[in-house]
Structures are given as C-alpha cells and as structure tokens.
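Novice: Please read through the structure below; I'll follow up with questions.
Only the coordinates and a few stated rules stand behind these numbers; no lab work does. A quick note: this is a predicted structure, and the numbers were derived from the prediction, not measured. Virtual Cβ from ideal backbone geometry, glycine too; neighbours counted across all protein chains shown.
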Amino acid sequence: MVSRQPAEALVLEERETPRPGSGEILIRVSACGVCRTDLHVVDGDLPRVGPVIPGHEIVGVVEEVGPGVEGLAPGMRVGVPWLGHTCGHCPYCRGARENLCDDPLFTGYTRDGGYASHAIADARFCFPLGPGEDAALAPLLCAGLIGWRSLRMAGEGRAIGIYGFGAAAHIITQVARWQGRDIFAFTRPGDLAAQAFARAQGAVWAGGSDEAPPEALDAAIIFAPVGALVPIALQVVKKGGRVVCGGIHMSDIPSFPYRLLWEERQLVSIANLTREDARAFLDIAPRAGVVTQVTRYPLERANEALADLREGRLTGAAVLIP
Ligand SMILES: [Zn+2]
Ligand SMILES: [Zn+2]
C-alpha cells in the first residue's frame, strides 16, 4: 500500500519482490502496526520526497539474507522499528545517541516500510522477538519503544501523567504499573470510553485533559499531537517536574506565562530510538506482562485503519495483516 502523494489515499500496487543488498534482509511481513507517525507521513505533516510504503512496526519472518549479514537466518522471526539505518560515524552515532544521527533512514518514511507483503531492512536494525502472536507484538516496535523512551525520559518519579491514551499509552501504563508507579491518564474531554480503557490498563486516575488530577504529578508525557497540551501539562507537574513530548509532530504550542516553566520545570522532546532502547524494551515487555490490545485490518484496508486512527475511533492499536 503506497503513499504516492501527501494527503492522498494509499494505493494498492503490485511490485516485484525486492532482493536484499549487502547487509540487508528480505522479510515476509506477517503484521505491521499503524502508528500516528504514519498519519503524519501520509497526511504530509512531515516533509518528504517521493512515494513511500509506510509502516514501521513490522513483524515478519526472514526470507532471504544478503551478503555480510550476521546473526540472522531464513526462518527467524524479527521486528523492525522506525530507526532503519544510521551512518555510524557522525558525532551522535559515536556518542551513543544514534537516535539523533545526522544521516539516518527511517522505516516507512525515508525507506519503504511494512504496509506490504515483503520488506527490505538493514539487518543491524532488526530485532529477534520473544513469544507472542505477530499482531500483538507489532505495536511494541514503535508505540512500545517510543513510549519506553518517553517513560525513561520522564525520570524516576512515582506520579506520571499521560496525555493521549492510544497505543503508546496503553503499553507504557502497563510497564509503569509493573515498576510500581501511578499513571494519571488524560483523554479528550468527555471521552469516557478512553478513560475506562485507561483504568482497565492500570491507570489510577483517568479524566479529561481539562481536568486537574487529584495530586500534583512528578512528570507528564504528551502523546497527543496537540501543542495546547504543553502549558496544560506544565500546570499539573510539581516543582522540578518534567513534561515530555513523545510525538514527532505537534500543532503549535500557544504562548504561556513563564511562571508555568519556572521552579525548574523542564520541557523536553523525544526523537526516534536507539537500538539499545529496542533491546531493553523488548526484554522488559514480556517480563512486565504487557498485553497489547489490537484491532486487525487486512492490508488492503490500510486507508480505513488510518482513518480510524485519525478520527480517534480506535481503542489500543491498529495492525495490518497482509
Ligand atoms: Zn550518524
Ligand atoms: Zn511510530
């Protein structure tokens, strides 16, 4: 399913199965999650060049291995995340911050992704997966990973707010509970179904983003792409608290009085992931007993899945099955 032009529906195309080059593998896709970033790619919120096959939460089986690939063999199940390639020599790569690489490739954005029967991936950015069903594992590869990086960035505090209770939030709430923390979930005002879903995942409190939580929070994570939530979140964190923006794109942040940031509150963003994040989180998810809630769509119905995500009709994560 190809995004030919920004802001146009995806189109089903028949293509030759690609062959892996040096250091690459060919994967037969068994499931690919639908992430909010896919919406930003397809809708044209992110700058792009030319057509692309979206999808960066790929679960599949190695079908063919290119020259020079080590540690992967045909028949192995792997996961492919958003970070699809890094240069290996820029200051960020050398400084263990490859998420900020100067010359990266992103799966389903600057290289073709998993809304397809097959995908080519850089073998160094593929990860063996633990037990579980293909579709249930797919959301771990971005919602889980970016959620995990956001949660780590939120610090060690106990009381954590989450704005936007979608795929990432439902995974990371389970991890935070396992760590002994308390999650306070904020949804669109009046979205009682999302609030009930948040409580079912282990949130100790759930309410609208226009409501005050029952106590001041140590940190807050914003997954919703809504800049107006930034000053709102700054108001509910304690002195020294941190607000983490977990998305790749957000509407403009309205101006706000300096007193909301004062007292050493911090406002930070998360960009991409490192392979270390992937290894750490894929190890933690089964130990934390993470259970994802997914809605399956046949691959040809990718446009429907994207529309359901855009309109907030999903509970949990959408996953495409080729
Ligand atoms: Zn680099
Ligand atoms: Zn994503």
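Novice: Would you mind ranking Val268, Val41 so that the residue whose beta carbon has the fewest other beta carbons within 10 Å leads the list?
Specialist: Ordered by Cβ neighbours within 10 Å, fewest first: Val268, Val41.
Novice: Another question about this same structure. What GluC sites (Glu not before Pro) in segment 234-293 are in a loop by DSSP, with at most 16 other Cβ atoms within 10 Å of the Cβ?
Specialist: Glu263, Glu264
Novice: Does segment 144-269 come out rounded, prolate or oblate, given a ≥ b ≥ c as the square roots of the eigenvalues of its C-alpha gyration tensor, rounded meaning a/c under 1.5 and, failing that, prolate meaning a/b above b/c?
Specialist: rounded
Novice: Please work out the FRET efficiency for the pair Ala73 and Tyr258, using the Cβ-Cβ distance as r and a Förster radius of 41 Å; give the result to the nearest 0.05.
Specialist: It comes to 0.10.
Novice: What residues qualify as long-range amide H neighbours of Ala31, i.e. H under 5 Å apart, gap of 5 or more or another chain, H built at 1.01 Å from N?
Specialist: Close amide H contacts, sequence-distant or interchain: Val59.
Novice: Based solely on its DSSP helices, what 222 nm [θ] is calculated for the chain when runs of n ≥ 4 H residues each add -39,500 (n - 2.57) and the sum is averaged over all residues, nearest 500 deg cm²/dmol?
Specialist: -6500 deg cm²/dmol
Novice: I've got another one for you. Rounding to the nearest 20 debye, state how big the charge dipole of segment 205-277 is about its Cα centre with +1 on each Lys and Arg Cβ and -1 on each Asp and Glu Cβ.
Specialist: On the way: 6 positive and 9 negative charges, 34 e Å.
For segment 205-277, the charge dipole is close to 160 debye.
Novice: Now, a different point. For Gly113, which sequence-distant residues (separation of 5 or more, or a different chain) have an amide H within less than 5 Å of its own amide H, given hydrogens modelled in the peptide plane?
Specialist: The list, which skips near neighbours in sequence, is Ile53, Gly108.
Novice: Compute the Cα gyration tensor for segment 1-104, then decide on rounded, prolate or oblate, letting a ≥ b ≥ c be the square roots of its eigenvalues: rounded whenever a/c is under 1.5, prolate when a/b is larger than b/c in the other cases, and oblate in all that remain.
Specialist: oblate
Novice: Per residue of segment 51-64, what does 6.51 cos²θ - 1.76 cosθ + 1.60 with θ = phi - 60° give for ³J(HN,Hα)? Whole Hz please, x for Gly and Pro, Karplus curve as stated.
Specialist: After applying 6.51 cos²θ - 1.76 cosθ + 1.60, I find x, 8, 8, x, x, 9, 10, 9, 10, x, 10, 5, 9, 8 Hz.
Novice: So, one more: I'd like the antiparallel share, as a percent to the nearest 5, of DSSP beta bridges with both residues in the chain.
Specialist: 45 percent
Novice: If you fit an axis through the alpha-carbon atoms of helix 143-153 and take the longest principal axis of the Cα set of the chain, what angle between them do you get, 0 to 90°, nearest 10?
Specialist: 50 degrees
Novice: Another one. Going by how many other Cβ atoms sit within 10 Å of their own, how do Trp148, Trp205 line up, fewest first?
Specialist: Result, fewest neighbours first: Trp205, Trp148.
Novice: For segment 1-106, which trypsin sites (Lys or Arg not before Pro) are both in a DSSP coil and crowded by at most 11 other Cβ atoms within 10 Å?
Specialist: When the trypsin sites (Lys or Arg not before Pro) of segment 1-106 are filtered for loop state and at most 11 Cβ neighbours within 10 Å, Arg15 remain.
Novice: Roughly how big is segment 144-269's charge dipole about its Cα centre, with Cβ charges of +1 (Lys, Arg) and -1 (Asp, Glu), in debye to the nearest 20?
Specialist: Charge dipole, segment 144-269, about its Cα centre: 280 debye, nearest 20.
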